[in-house]
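Before any comments, here is the structure.
The values are calculated or read from the model by the stated rules, or taken from the named source; none is laboratory data. Given the structure is predicted, the values throughout are model-derived calculations rather than measurements. Counting neighbours? That spans all protein chains shown, and the Cβs are built from the backbone with ideal geometry, glycine included.
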Amino acid sequence: MDMNKLHNALRAQILRSPYEGMGIRPTARLFNVRPHTVMNLMVRAGEHCGMLHDTHIHGLHSPTSRSTKCGAWSGLTSIAARMR
């Protein structure tokens, strides 16, 4: 089933499954979608969360340096780059 044809309730269930500890492939089998669809949903949800965060959370100052923050997230950045 194509990701654009999924109902919002099904998208929410698919996104909830990995959060609860289920892997990508078992989630895909459970909801009869491709693993790539599950990953695309997760990437799009993350992008939307990032936009929401950027618009509502601003002006905060962290005591940690920027290099420390970037180093902690570098692994996630490389995973997202491979997905594209």
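Structural remarks
- Evaluation of A12 against (1) among the aliphatic types (A, V, I, L, M); (2) in a helix (DSSP H, G or I); (3) touching a residue at least 12 places away in the same chain (Cβ under 8 Å) (one fails), failing number: (3)
- In summary, helices (runs of 4 or more DSSP H) completely within the range 18-84 and bearing 2 or more residues that are modelled with pLDDT of 85 or more and of a type in the set (S, T, N, Q) occur at 35-56.
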